[in-house]
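Take a look at the structure set out below.
The values are calculated or read from the model by the stated rules, or taken from the named source; none is laboratory data. Just so we're clear, the structure is a prediction, and the values are computed from it rather than from any experiment. What goes into the accessible areas is simple: the full protein's heavy atoms, side chains included, and nothing from ligands, DNA or RNA. Shrake-Rupley method; radii C 1.70, N 1.55, O 1.52, S 1.80 Å.
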Amino acid sequence: MTETTRWRERCWAEAGWEALGPRAGRRRLPVWDCTVGLVAGEHAALLVDAGSSLDEGARLRAEARPLLASLGGARDVTHLALTHPHFDHVLGAAAFPGAEVFGAAGVETVLSHGRAELGADAVRYGLDPAAAAAAVDAPTPPTRPVPDAWTLDLGGVRVVLANVGPGHTAHDLAVLVPGDRAVVFCGDLVEESGEPQAGPDAVPSRWPAALDRLLGLGGPDALYVPGHGAVVDAAFVRAQRDELAARFGVS
């Protein structure tokens, strides 16, 4: 490990983020244990998921700015990747005006026409009704659909946004950060802190295949970052894939 890498990892730790490499880190948010990721480039920065409310999104942005400044390069979040359209991952998006927003193709329709349902889900899971209403009413930046894969050059790091679903939802996006050890932000296609949740918008018959694509994206040595829980390895993802195949009766 070089001195520059050690210094960057100290910057992540001192800011309260878990370093996943010199340019990537993540936070586990309170209440729903939702993961958000941050990739810091030389001229741009990508946040992976936006939190469950406008307040949470604003806090994430405020916390990211000094961290990005300490790392050098980008000084604010310029890009936002939404891994899937569930309230705890997307309702903070409006706190990032001016950011370019990406999601798996079709997620833009959910975010534009399904916002009332997202707010209702948030309230059912315990979000304050006023906070849910504020997030639903706030204008969300237009979302650029990713039909297959999209490469973003952040300066010094090129990340790949990959539409690997459907599975957990009909619109699952993964984010690959290349490096000495690649990092894959999985959204809720992978969960470590509990059993993967298959709600009414899940596509169970295709979830194992989505995990096959996820493993193909990151490879056997990558760090896999679940939507909820601790960072895992490829063996964990493969085991969860087999459990889901058995659970849903697919190969």
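Data table
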quantity: Kyte-Doolittle at least -0.5, axis length at least 15 Å by Cα - qualifying DSSP helices, the chain; calculated: 54-71, 207-218, 234-248
quantity: Selected from 83, 151, 143 as most flexible by GNM, with the chain as the system and alpha-carbon contacts under 10 Å; calculated: 151
quantity: Computed Rg/Rh of the stretch 171-251, alpha carbon atoms with Kirkwood Rh; calculated: 0.94
quantity: Within a Gaussian network of the chain (alpha carbon springs, distance under 10 Å), most fluctuating of 77, 203, 175; calculated: 203
quantity: Sulfur and carbon atoms: percent of accessible area, the chain [1.4 Å]; calculated: 53
quantity: DSSP bridge orientation in the stretch 37-129 - percent antiparallel, rounded to nearest 5; calculated: 35
quantity: 5 angstrom amide H check on residue 188, placed H, neighbours 5+ away; calculated: 227
quantity: Accessible area per residue, Å², the stretch 69-212 with all protein chains present, probe 1.4 Å; calculated: 39
quantity: Cα gyration tensor shape for the stretch 1-49, rounded if a/c is under 1.5, else prolate or oblate; calculated: oblate
quantity: Interchain or long-range residues, amide H under 5 Å from residue 149's placed H; calculated: 163
quantity: Within the chain, helix-based [θ] at 222 nm, where runs of 4 or more DSSP H residues each add -39,500 (n - 2.57), nearest 500; calculated: -10500 deg cm²/dmol
quantity: P(r) tail fraction, the stretch 99-183 - alpha-carbon pairs more than 18 Å apart, %; calculated: 55
quantity: Long-range amide H partners of residue 167 with built H, under 5 Å; calculated: 172, 203
quantity: Rg in Å to one decimal, and Dmax rounded to a whole Å, for the chain via C-alpha atoms; calculated: 16.9, 50
quantity: Pairwise centroid distance, computed over Cα atoms, of the stretch 65-93 with the stretch 113-166, Å; calculated: 11
quantity: Accessible surface of residue 32 - all protein chains present, 1.4 Å probe, nearest 10 Å²; calculated: 60
quantity: Rounded to the nearest 10 Å², the accessible area of residue 205 at probe 1.4 Å; calculated: 80
quantity: Most mobile listed residue (58, 93, 40) in the chain, GNM with C-alpha springs under 10 Å; calculated: 58
